[in-house]
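Scroll down for the structure; my scribbles are underneath it.
Each reported figure results from applying straightforward, stated rules to the coordinates on display, with no laboratory input. Here the structure is a predicted model, which means the values were calculated and not measured. Quick reminder, even Gly has a Cβ in these numbers, built from the backbone with ideal geometry, and neighbours come from all protein chains shown.
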């Protein structure tokens, strides 16, 4: 990994240092891992913290993910298009910019704009017969991914017929969402589930990030292992600071 450094204006640095001291003095890191809702409003925040442990849980399912996506590796696909908005697309975009599509894997195109020119630009790059689509919507009711799905599924059906279109569409969504119902009705190739206890902006280490990562050829198991190593290192650093 390449090293990075940063600096803040004096006032902001002082505020950051004060906040860090407050967290250290109040043992707030340990309280965070203990899912203490009192760190916020004391209401239901403890029910939104599964992002803390999701890497450990998904590490046991990487083989299953690989098997489900074998058709992408084995098919002659040149592109994969993610249809999302906001939290469901920003994480995959970072992974694409960081790792890029690996040799033998389709190039990712991420559509998160309803600008007609942007949609046309994405469509101009693809051959429907050699493209897979991933509709990414946590709630399943966000307007933009639903619009994208309707447009591209209709166009794929016109080009290939409904059976072949269905075989090229997947979704990542929370269980029981409207998008799950749509995917089942249209016989999508695969449905991957998010975790209701993880907010969209924290979901990159769940299937919302891992499915795109696997499609682009990232070694997901190693990615999760490295994430766990970094988490463990941070935990050890906090323990060390607590004893200084």
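Brief remarks follow.
- Put the Cα centre of segment 66-123 next to the Cα centre of segment 201-222 and the gap is 12 Å.
- Net length gained if the chain between residue 57 and residue 78 were fully extended (0.36 nm per residue, minus Cα distance): 4.4 nm
- When both bridge partners sit in the chain, DSSP labels roughly 0% of those beta bridges antiparallel.
- Chain lengthening between residue 97 and residue 21 when straightened (0.36 nm per residue, less Cα-Cα): 24.0 nm
- Each label point was placed 7 Å from the Cα along the Cα-to-Cβ direction; for residue 233 and residue 139 their separation is 3.7 nm.
- Between helix 143-160 and the chain there is an angle of about 30 degrees, using the helix long axis and the longest principal axis of the Cα atoms.
- DSSP beta bridges fully contained in segment 1-142 are about 0 percent antiparallel.
- For the chain: relative contact order, % (alpha-carbon pairs under 8 angstrom, 6 or more apart): 23
- Classified by the C-alpha gyration tensor, segment 23-62 has an oblate form. Its axis ratio a/c, with a ≥ b ≥ c, is 1.5 or above, and a/b does not exceed b/c.
- Burial ranking of peptide ranges 93-104, 125-136, 9-20 (average Cβ count within 10 Å, highest at the top): 125-136, 93-104, 9-20
- Computed from Cα atoms, the angle from the helix 220-242 axis to the main principal axis of the chain rounds to 10 degrees.
- Using alpha-carbon coordinates, inclination of helix 10-25 to the longest axis of the chain, degrees: 80
- Counting only DSSP H runs of at least 4 residues, each contributing -39500 (n - 2.57), and dividing by the residue count of the chain, the helix-based mean residue ellipticity at 222 nm comes to -15000 deg cm²/dmol.
- Shape category assigned to the chain from the gyration tensor of Cα positions, a/c cut at 1.5: prolate
- In terms of its C-alpha gyration tensor, segment 52-150 comes out oblate, because a/c is 1.5 or above while a/b does not outweigh b/c.
- Burial ordering of 61, 118, fewest other beta-carbon atoms within 10 Å first: 118, 61
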